[in-house]
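None of the figures in this text is laboratory data; all of them are computed from the coordinates on show. None of these values were measured; they are calculated from a predicted model. Methodologically, a virtual Cβ is constructed for each residue, glycine included, from the backbone with ideal geometry; neighbour enumeration extends over all protein chains shown.
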Amino acid sequence: MLRVGLIFGVVAVFLSLVGLVEALHARWVVDGWLSLGQALLLILGLAAGYRAGRGATGGRAVLVGAGSGAVAGAVVAGFLLLGEAVNLRSMFVNASPTLYEILSFGRPARASVPVEVAGGAALGALGALIPALPAGVRRPLRAGVQAVLLVSVFQELIVLLLQPQALTSVREFLFVAGAGPSLPGMTAVFAVFALASVAWARSEPQVRAQVARLPRSGQIGMRLVGVGLGAVALLLLPVVGGSFVSQVLVIVGLYTLMALGLNIDVGFAGLLDLGFVAFFAISAYTVALLTSTGPLGIAHWSFWAAVPVAVVVSAIAGVILGIPVLGIRGDYLAIATLGFGEIVRLLVLSDALRPWLGGSQGILAIPKPVLFGFELREPQHLYYLTLVFAALAAFASWRLQNSKVGRAWMAIREDEDVAQALGIDLVATKLLAFGLGAALAGLGGAIFAVMLGSVFPHSFNLLISINVLALIIVGGLGSIPGVILGSVALIGLPELLREFGEFRFLVYGVALVAMMLLRPEGLWPAAAVRRELRAEEAIPERPPEPVPAAGSTAVTVQGPTGG
Amino acid sequence: MVAQASRGWTGRLTFVDAFLWAFRLVVIAVAVWGTVGTIRTGRYSLEQWLDFLAFGFAQGGIYALIALGYTMVYGILRMINFAHGEVFMSGAFTAYFVAAPLHTAGVFHRHPLAGVLLVTLVGALVSMTVAVLVERVAYRPLRQAPRLVPLITAIGASFFLQYTFRGLYGAGVRSYPDIPALRGELFLGPFAILKTQAVALVGAVLMMSILYTIVMRTKIGKAMRAVAEDKEVAALMGIDIDRVILFTFALGGFMAGVAGVLYALVVKQVHFFMGFVPGIKAFTAAVLGGIGNIPGAMLGGLFLGVIESVGPALFLDGLGIPAPYQLADAIAFTMLVMVLIFRPQGLLGERLAAKRA
């Protein structure tokens, strides 16, 4: 109890000092009532109680929860007292009066001590009560709270989407003009989602049963309809979202391309490459050199002619940088490729190559691609280009994954020595992975060059490689939908939430560590990984297995007669 | 190792072998060509070369101190503690907040030695704490996981630490106080060395000898060596593995903290990203000397420091490359890549991680 309370108290103080609480305080959950920063602190209090009360039951759980909440509150109060006595701001830039005001709810530090402790205890007790609630109450509550918090986090985006004239009344109902979400609006959101959750909980088993009763062709049909709807949504997104959303989507697409490439190296073949951004850079520079109308341009080609060349060049670079590291494995490989990546960047940046690559000024004046006389100028246009490239890349990776070479990659990933003993040509297979991975990154690099209209060495630092690695790991190593999900989550969300940009890498760091600790297979694991994990779980509990299996065969037998 | 491995692959790998030989020859040719060119033009005087050397030794001493942390952890856990550069940064950055008030209070004027020792101690203790916390939270639960998993966690921890300290102390660069007693140069015969650099070198050598004594002469040092040799057997002998690993991280963190403060005294500024490049360099130094090998890390650090400070002038100036100092890091990274490819066992090359790497 003491330990949990201390940990949560320290986490609260830590998040405050890092500046997250104050940054979140700038957003209202309900205008004039509750800010996101305050909500974060409340959630921490609830979580402290929930965590401490786990395992205990009834009144004891409440007591333990209240105790740990009180301890957490006391830690925060102690911090407030310290902040009053000593000027922490000379050391911690975020220890501002605003922060103290948020933490102490506007009271002087001494007066806030009982409030913090009592408030912490109350929250902790509530948190400990959460597991005791019946699921029928807990689930709608959670759905409602989640919906309200999401609306708060994405309020700018939602306001942007509600701009059209027809939606003005909805916008005015949900949001106070020029400020945060309104109280009636959020009450409505809460109610709608809570009710929807109740309704879904009632009808879910029936719906599932109905879907299961459909004939096989019907199930496939439903899936096709789903895919079709998804595709239509993807095509309509820029029309609905406008240029800001399209810009974000283009960036997501670029990272998806890079991530699909790195996924071939790391996810399929197990070759951890930390210098991956080099191939992205090589392709971007190739496009820049071939198409630029500035003084450094050498050919003035069109974008469409330059793209295949750029992709081939970066694939060749992938192979060339791959050959020296063929004999290196695991973490040594990671460091060696990191070295290559940095060498490429430093060379491009140096004065030595300045006459050709422009040094730190880079190459400017890259024209936008022109398609049948139509210039792809706006982010909306580039979005479709990115979408086509990403779809190509995803299709290619999907085909590769189940091909002969894909299986060879996986064999190498699992055990290089065994793979070799099975007759897999390690050299060719590994170089193919390096080359194809680099080629996909090259597709991204080409778009990147035309998106910015210029290329600079500073755009290609190690952070990009780490970003890409982070997103494929969070999404699920070796899983193509996982990679896409990862880039939406780790690139799209931070781009949409620009004002929290400085916490982006903090969150990445936590995400990497947390994923490795809690869910090493990723958000959307690859089928093979999932199968392995399931197999491990299933071994001890074999007996119950045949029952659902028999049921499903019965369904398929019934299917034709029913249909 | 590569030659053997590649011959072992299929026996007809002449292409890869040829490529590697060509790569090696090109690098050597560039170095020789550049050296000859530089010496022929005679652009640098003997004093300048000695300055480069002195600077290289001071820098190398710091690399060596950081490298010890990498090498000890690798020796015991076979993992690259990617966050070690951030451990180094955390000590140096935090110590600034002790150094600055001491400076305004005039402590460095009256008691320069005590002041510097205090600052160093603070830096070392902070780094030690951070290293131990990282081990406890991010690495210990994953000790049985596949090899890539802890590396990825380490990358995550590294980012987390960088941006934590950025959040805590701000994104700006802070200038370390200029300690009056350490202004100017020290003359030792033909050598002229900045006093801060001399302190860094002496401090590094002192810390390394202390560490060497701990590892070779104390009971816990013996336990460390036993765990590095074979974890299971060491555990059977009654050694508490977790404690030894924690101690290793603590010791490495302490050294990194000292290195951080010494580094800050030389370059006179700290910021949240300062750990990355020295961290990678120190890792290079550890690999150069033979990772897992403590004297190797010391030697590798000094060697890398010297190559990096002499290299641009020696190898690149003769080739007519403008502003060769810009490529000092590229030289260091080239060294790293070359060592990893051609001599992964490092300069001292006794213990090879071939069976595990």
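Descriptive notes on the structure:
- In chain B, the calculated helix contribution to ellipticity at 222 nm averages -24000 deg cm²/dmol per residue, counting -39,500 (n - 2.57) for every DSSP H run with n ≥ 4.
- Rh (Kirkwood; distinct C-alpha pairs) - segment B:46-312, Å: 18.6
- Summing charges over all other residues whose Cβ lies under 13 Å from the Cβ of B:ILE214, with Lys and Arg as +1 and Asp and Glu as -1, gives +4.
- Helix A:527-538 vs. chain A, principal-axis angle (Cα, 0 to 90°, nearest 10): 50
- Charge tally in the Cβ shell below 14 Å around A:ARG498, where Lys, Arg are +1 and Asp, Glu are -1, A:ARG498 excluded: -2
- Counting neighbouring beta carbons within 10 Å and listing from fewest to most, the residues B:SER45, B:SER309 come out as B:SER45, B:SER309.
- The three principal axes of the C-alpha atoms in segment A:241-461 carry coordinate ranges of 54, 41, 27 Å, sorted with the longest axis first.
- Charge dipole of segment A:241-461 (Cα centre as origin; +1 on each Lys and Arg Cβ, -1 on each Asp and Glu Cβ, all else neutral): 400 debye, rounded to the nearest 20.
- Seen from all directions on average, segment A:1-132 presents a Cα convex hull projection of 7.5 nm².
- A dipole drawn for the protein assembly as shown from +1 and -1 charges on Cβ atoms has a positive end, and of A:SER68, A:ALA259, A:VAL507 the residue lying farthest that way is A:SER68.
- Candidates per chymotrypsin sites (Phe, Trp or Tyr not before Pro) in segment B:255-304, loop by DSSP, up to 16 other Cβ within 10 Å: B:PHE273
- Close amide H contacts of A:LEU271 (hydrogens built in the peptide plane, cut-off under 5 Å, sequence separation of 5 or more or a different chain): A:VAL266.
- Taking the helices alone, chain A has a mean residue ellipticity at 222 nm of -24000 deg cm²/dmol, built from -39,500 (n - 2.57) per DSSP H run of at least 4 residues and averaged over all its residues.
- Cross-link partners of B:LYS222 among lysines, defined as those whose alpha carbon lies under 22 angstrom from its own and excluding same-chain residues fewer than eight positions apart: B:LYS231.
- Proximity of backbone amide H atoms, modeled 1.01 Å from N, is registered between A:LEU34 and A:VAL29 at under 5 Å, excluding neighbours fewer than 5 places apart on the same chain.
- Under 20 Å from the Cα of A:LYS430 - lysines, other chains or at least 8 residues apart: A:LYS404
- Note: relative contact order over segment A:245-390, using C-alpha pairs below 8 Å and six or more positions apart, is 34 percent.
- Remark: A:SER203, B:SER90, A:SER112 ranked as A:SER203, A:SER112, B:SER90, counting other beta-carbon atoms within 10 Å and listing the fewest first.
- Calculated log₁₀ intensity ratio I(q)/I(0) where the Debye formula runs over C-alpha points of segment A:224-273, q = 0.15, 0.27, 0.32 Å⁻¹: -0.59, -0.90, -1.03
- Alpha carbon centroid spacing (whole Å) that separates segment A:251-297 from segment A:9-75: 42
- Computed 3J(HN,Hα) for segment A:388-396, one whole-Hz value per residue from the Karplus formula 6.51 cos²θ - 1.76 cosθ + 1.60 where θ = phi - 60°, is 4, 4, 5, 5, 4, 5, 5, 5, 4, glycine and proline marked x.
- For segment B:282-328 and segment A:366-408, distance of Cα centres in Å: 42
- The value of relative contact order for chain B, using C-alpha pairs under 8 Å at least six residues apart, is 33 percent.
- Nearest-ten-degree value, helix A:109-129 long axis tilted from longest Cα axis of chain A: 80
- Restricting the calculation to Cα atoms, chain A yields a radius of gyration followed by a Dmax of 27.2, 81 Å.
- Long-range HN-HN contacts of A:PHE175 with modeled amide H, under 5 Å: A:SER182
- Rough spin-label spacing in nm, given labels placed 7 Å along Cα→Cβ, for A:LEU493 and A:GLN163: 2.5
- Going from the residue with the fewest nearby Cβ atoms within 10 Å to the one with the most, A:LEU82, B:LEU53 rank A:LEU82, B:LEU53.
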